[in-house]
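Let me begin by handing over the structure; questions about it come next.
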Amino acid sequence: MPDLDSLISEVSGNGSLVEREVQGRDGRWYSLRMRPYKTAENKIDGVLMALMDIDVMKRGLDQARLSLDDAVTARDLSANLLDMSGALIVILDPAGRIIAFNHASQERSGYSFREVEGRTFWDFLLPPEEVDEAKSVFASILRGAGPASTYERTWIGKDGSRRVIASSSIGRCGADGAVRQIISTGIDITPRKLAQDALRRSENQLRRLTANLLIAQEDERKRVARELHDDLNQRMAMLANEVATLEQTPPGSTRLLRKQLRSLRARVDQLSDDLRRTAHRLHPSVLEHFGLVAAVESHCSDFMKLHRIQLKLAHRSVPESIPFDVSLCLYRVTQECLNNVAKHSGARKVMVAIRGNKDGILLSVTDNGTGFDPGLLADQSGLGIIGIRERVRLVDGIFSINSQPGHGTQIDVRVPLTTRMDP
């Protein structure tokens, strides 16, 4: 108990009310109220004192205060855990309004919590085509249908970019069993989706390439068979008939005989050239015996004989020893590029350049034709570009196209040699 004499003196001297919470020797709490007692003449003639037991109330208030402190601490801890989590965590009220938006969600979306607080989740963060499904999932959780299975959502960021999010949601119920909050967690799977899409496109291209390769092989067999039968075989038969006629009825003069023999020799030479060209298309033996530069020179020479296109070949510092798979790749790429120039570009000039350096070999084929949009190549199923890209990939090379409509085309192939030529 406090010093009553001093309290009585204070009340008597000041004439004011004094209230104190005091604790008795038994440990119980009391409320002590003291006020002056005044006579009819308004003189203080004593002190009135009242003592009320408030032990239960006092201890209840102290416990409530401790519980409130614990709740505030738990709330702060939960907020810190939300921000520390790498997952995207969004908490909604029963109307779908955002009441929590952790740090990871803010980073992915570009919105701060202040910008999204109180806004309906699907009004700005989801694309229109996903809103109805999101509302349906939300409604089922409010009805107590239990946690939703993992589903994919597209988030539209503040900058308009789109991210694919693998999400799952659960309802948090109050004491009455009604859902008070919807907690949604998710992870950003955009890189994985992009990789899957790229793999799917590559698989589709590979299937088209495989199918077209089979068709191309069959077409090539038909072309070679037709060329051998309809052209070369017929010409050889005609030569055989003329030789037989010459043997049976030789001309009367030596001069006339020599003239006919010269004609036959010229036709045999032409036939031999055509046979060499046909064999060369099937397998360039000059590549094996004389190397890449000689093989490309030979093909460029044949190209200029067949097409009215000016062609310039330049080569510099090309190694004498090149792995055959690399030489064959660069030779076939040159063939395909020149074939495309003749068939599609409408070019009048083309430049083929082969350069070697310490890192490998660079092949460039440049024309002044009509050009095209490289972005449209993904939708084409032809063998040309896909075949070149696959050939270059097999020798660890890099393939690039620089073209635009009306400004010609440049195709570059870079193939490393250092690692391939090491023993």
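Restricted to Cα positions, what overall size does segment 298-343 have along the principal axes? Three whole-Å values, descending.
For segment 298-343, the Cα extents along the three principal axes come out at 33, 19, 13 Å.
Each residue of segment 194-210 in turn: what ³J(HN,Hα) in whole Hz from Karplus with 6.51, -1.76, 1.60 and θ = phi - 60°, glycine and Pro shown as x?
Each residue's phi maps through the Karplus curve to give 4, 5, 5, 5, 5, 5, 5, 5, 5, 5, 5, 5, 5, 5, 5, 4, 4 Hz.
Using only the alpha-carbon atoms of segment 85-188 as identical scatterers, what base-10 log of I(q)/I(0) does the Debye formula give at q = 0.17, 0.18, 0.24 Å⁻¹?
-0.72, -0.81, -1.49
Apply the Karplus parameterisation 6.51 cos²θ - 1.76 cosθ + 1.60, with θ equal to phi minus 60°, to every residue of segment 296-312 and state each ³J(HN,Hα) to the nearest whole Hz, in sequence, with x for glycine and proline.
Values per residue, Gly and Pro as x: 5, 4, 4, 5, 5, 5, 5, 4, 5, 6, 8, 10, 8, 10, 6, 10, 10 Hz.
Fewest Cβ neighbours within 10 Å first, please rank Cys337, Cys173 accordingly.
Least to most surrounded, the residues fall as Cys173, Cys337.
Computed from the coordinates by the stated procedures, all read-outs in this text should not be read as laboratory data. Fair warning: this is a prediction, and the values are worked out from it, not measured in the lab. Backbone-built Cβ (ideal geometry, glycine too); neighbour counts: all protein chains shown.
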